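The values are calculated or read from the model by the stated rules, or taken from the named source; none is laboratory data. Quantities reported herein were computed from a predicted structural model and do not represent experimental measurements. Cβ coordinates were reconstructed from backbone atoms using ideal geometry, including for glycine residues, and neighbour counts include every protein chain displayed. Side chains included, ligands, DNA and RNA excluded: accessible areas come from the protein's heavy atoms. Shrake-Rupley method; radii C 1.70, N 1.55, O 1.52, S 1.80 Å.
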Amino acid sequence: MKCRKCGGRAVLELRRHNTAFCAGDFLDFFRHQTLETIRRWKMLSRDEPVLVAVSGGKDSLALWDVLLEAGYTTAGLYIDLGIFDYSRESKARCQAFAAGRDARLIVVSVAEEVGAGIPQVKDVTRRPTCSACGLSKRYIMNRAALDHGFGVVATGHNLDDEAATLLGSTLRWDESSLARQTPVLEATHPKLVRRVKPLFRTSERETAAYAFLRGIDYIVEECPFARGATSITHKEVLNRLEDASPGSKASFLTTSLERARPRFQAAEPVDLRECVRCGQTTTGEVCAFCKLSDQVRRAGEAPSKTHAARCSQTLQT
Amino acid sequence: MRVVLRNQGREVEISGRRRVKELLAELGVLPETVLVIRGRELLTIDEVVREDDVIELRPVISGGGAA
């Protein structure tokens, strides 16, 4: 197979684009696609610092690499989930990545924020583990961005992540999720920072290839709690469709964003207010993160010093 | 050839040369779900792999909960 651009030996075929690239031209293609997505969706501006949420995996480190190469002012945010060797190794990779590029890395620990790491949280909540973990990460991302003066957080969500989320929401006709899912979540409240997903048009295979070809040392091992997760089953189903009909995933996602989401948005107005305990945004009185923190405390785990201190500060002001 | 299926923690020995596409089909692996790696290079599905090659199939699917 030959590179579409230079005619040299191709290293990656992209069936949905009916093309193939050599290493150098694929890296250019990947960077161009990411930066073009940022431009078309008005995700970032050159003069605004961006906080990049990094997990140590291929997607977030590839994204951070592209942003650094393109000259954006960035800092990385690593959220330590406390998942045994998996977290230790993923944190070490983020630290090595940042050190190698002289980039700033902020580390926040779930155990300090919620009172226990994800393995303990999983035992005290009825939420699926990935749901409790996702809730904690979204809360900490927003909070860390506000604390450190960032107006925008970029995450490494890719095409496969977004298509799988969409499939899950569609199977349940979850109108609220269908209304919320977008590559750009605007800051609709003063306590909310903008969240953007510059890789939402890029497949997992493309981000893995980019990371490999750039020599990025990312964690290949899967999170031990993700085994058997429903979202992975949805990804497998979508990959079967993609194999039979290349382009299916991208078409499913982009047509949904263009045609379906506006209708769900119109039907689902969201009324955000501040949590009476911690001051972060919520649709109820007390936010889901404070409730999760309560569950951990009731179960006899050590109460979160950081989170408890913040709650008392909020109540005093 | 030796095929290392990363994350499954197993290796398989396969004899004879063939295209990557055929190798993946024999192992029941969809091309969209892996990088095919030989040494420090990536292979497209039409590349031919040989008897003495060591091939890594590195999965690209990750995740669980959305961040």
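Angle check, please: helix A:58-69 long axis (alpha carbons) against the longest principal axis of chain A (alpha carbons), in degrees 0 to 90, nearest 10. It is inclined by approximately 80 degrees. Classify the stretch A:24-80: rounded, prolate or oblate, from the alpha-carbon gyration tensor (a ≥ b ≥ c, eigenvalue square roots; a/c under 1.5 rounded; otherwise prolate if a/b is larger than b/c)? Cα axes put the stretch A:24-80 in the oblate bin. Taking amide H as placed 1.01 Å from N in the peptide plane, the amide H of A:CYS278 sits under 5 Å from that of A:CYS287, each at least 5 places away or on another chain. Computed from Cα positions, the angle between helix A:305-316 and the longest principal axis of chain A comes to roughly 60 degrees. Averaging the sequence gap over all C-alpha pairs within less than 8 Å and six or more residues apart, then dividing by the number of residues, gives chain A a relative contact order of 20 percent. Of the chymotrypsin sites (Phe, Trp or Tyr not before Pro) found in the stretch A:144-207, those in coil by DSSP whose Cβ has at most 11 other Cβ atoms within 10 Å are A:TRP173. A simple rule links phi to the HN-Hα coupling: the Karplus curve 6.51 cos²θ - 1.76 cosθ + 1.60 with θ = phi - 60°, which for the stretch A:288-297 gives 5, 5, 5, 5, 5, 4, 4, 4, 5, 5 Hz, with x for Gly and Pro.
Find the centroid of the Cα atoms in the stretch A:107-155 and in the stretch A:232-282, then give the distance between the two in whole Å. Cα centroid to Cα centroid, the span is 21 Å.
Give me the base-10 log of I(q)/I(0) for chain B at each q in 0.11, 0.22, 0.28 Å⁻¹, Debye formula, one uniform scatterer per Cα, rounded to two decimals. The Debye formula, applied to the Cα set alone, gives -0.25, -0.90, -1.47. Under the convention that each Lys and Arg Cβ holds +1 and each Asp and Glu Cβ holds -1, the size of the dipole of the stretch A:90-205 around its Cα centre is about 100 debye. Amide hydrogen proximity for B:LEU42: with H placed 1.01 Å from N in the peptide plane, no residue at 5 or more positions away or on another chain lies under 5 Å.
Less than 5 angstrom separates the built amide H of A:VAL52 from those of A:ALA75, A:GLY76, A:LEU77, A:ALA154, all sequence-distant by 5 or more or on a different chain. Note: relative contact order over the stretch A:29-78, using C-alpha pairs below 8 Å and six or more positions apart, is 39 percent. Taking a ≥ b ≥ c as the square roots of the eigenvalues of the Cα gyration tensor of the stretch A:151-225, is the shape rounded (a/c under 1.5), prolate (a/b larger than b/c) or oblate? Oblate is the answer for the stretch A:151-225, as a/c is 1.5 or above yet b/c matches or exceeds a/b.
Could you tell me which of rounded, prolate or oblate describes the stretch A:105-257, using a ≥ b ≥ c as the square roots of the eigenvalues of the alpha-carbon gyration tensor, with rounded for a/c under 1.5 and, failing that, prolate when a/b is larger than b/c and oblate otherwise? Rounded. Stretching B:ALA25 away from B:GLU41 to a fully extended chain increases their span by 3.7 nm, per 0.36 nm per residue minus the current alpha-carbon distance. For the protein assembly as shown, with all protein chains in place and a probe radius of 1.4 Å, 49% of the accessible heavy-atom surface sits on carbon or sulfur.
Neighbours of A:ALA99 by Cβ distance under 13 Å: Lys/Arg scored +1, Asp/Glu scored -1, total +2. Only lysine pairs 8 or more places apart, or on different chains, with alpha-carbon atoms under 19 angstrom apart are counted in chain A, and they number 17. Helix A:159-172 and the longest principal axis of the Cα set of chain A meet at an angle near 60°.
Across the stretch A:8-24, computed HN-Hα scalar couplings (Karplus, 6.51 cos²θ - 1.76 cosθ + 1.60, θ = phi - 60°) run x, 5, 7, 10, 8, 9, 10, 4, 5, 9, 6, 8, 8, 9, 6, 4, x Hz from first to last residue, x flagging Gly and Pro. Applying the Karplus relation 6.51 cos²θ - 1.76 cosθ + 1.60 with θ = phi - 60° to the stretch A:222-238 yields 3J(HN,Hα) values of 7, 4, x, 7, 7, 4, x, 5, 4, 4, 6, 4, 5, 5, 5, 4, 5 Hz, where x marks Gly and Pro. Computed from the alpha carbon positions, the gyration tensor of chain A leads to an equivalent ellipsoid with semi-axes of 33, 22, 20 Å, biggest first. Using a Debye calculation, one point per C-alpha and no hydration shell, please list log10 I(q)/I(0) for the stretch A:14-125 at q = 0.20 Å⁻¹ in order. Those come out to -1.06, one per q.
Equivalent ellipsoid of the stretch A:78-182: semi-axes from √(5λ) of the C-alpha gyration tensor, largest first, are 26, 19, 14 Å. Across chain B, the relative contact order, built from alpha-carbon pairs under 8 Å that are at least six residues apart, equals 42 percent.
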